[in-house]
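This report concerns only the one structure given below.
The values are calculated or read from the model by the stated rules, or taken from the named source; none is laboratory data. Please read these numbers as outputs of a predicted model, since none were measured by experiment. Positions of Cβ are generated from backbone atoms using ideal geometry, with glycine treated the same way; all protein chains shown enter the neighbour counts. Ligands, DNA and RNA are stripped out before the accessible areas are found, and what is left, the full protein with its side chains, is counted by its heavy atoms. Shrake-Rupley method; radii C 1.70, N 1.55, O 1.52, S 1.80 Å.
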Amino acid sequence: MQLDAALPIVRALADGVNPVTGEAYPESSPYAEPRTLRALYSAVDLMSKEVEREKRRERLPANFGKPWSEGEDRALGAAFDAGGTIPELARKHLRTQSSIRLRLEKLGKIQPTNAE
């Protein structure tokens, strides 16, 4: 089961609600016990953060964080020398514009930007 599907179930349990029927659990339910509630709310918090992390990762380019190969460095340098712009190169190499800019700096194609 994916986290985004499990999260509403655990959230319902933390809220004292049967996730299948929507009925509230009685006060004598194990879900009403304070330690159980704290554990469930902790799980909801962690799951929520991980679901958001997964959503952010899905929006990143496919090569985000991957190492650069010598061949990709050569292709990047050649495309830049041929007039390719940073946004175009980012799309072509499936990387962020920041990654392209930093790699071009490392390759000596552009001057490093000052972070003043």
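Computed values, structure above
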quantity	calculated
The listed residue being part of a helix (DSSP H, G or I), without any contact (Cβ under 8 Å) to a residue 12 or more places away in the chain and open to solvent by less than 50 Å² (accessible area, probe 1.4 Å), out of 6, 43, 39, 12	12
Boolean, residue 24 is of a type in the set (A, V, I, L, M, F, W, C) and either out of contact with any helix residue (DSSP H, G or I) (no Cβ under 9 Å at 6 or more places or on another chain) or open to solvent by 60 Å² or more (accessible area, probe 1.4 Å) (or both)	yes
Residues within segment 25-56 that are modelled with pLDDT of 95 or more and of a type in the set (Gly, Ala, Ser), tallied	4
Segment 27-36, residues that are open to solvent by 60 Å² or more (accessible area, probe 1.4 Å) and either part of a helix (DSSP H, G or I) or touching a Cys at 6+ places or on another chain (Cβ under 6 Å) (or both)	30, 31, 34, 35
Index of the failed condition, residue 28 passing every other in (1) under 27 Å from the mean Cα position of the chain (by Cα); (2) over 30 Å from residue 98 (Cα atoms)	(1)
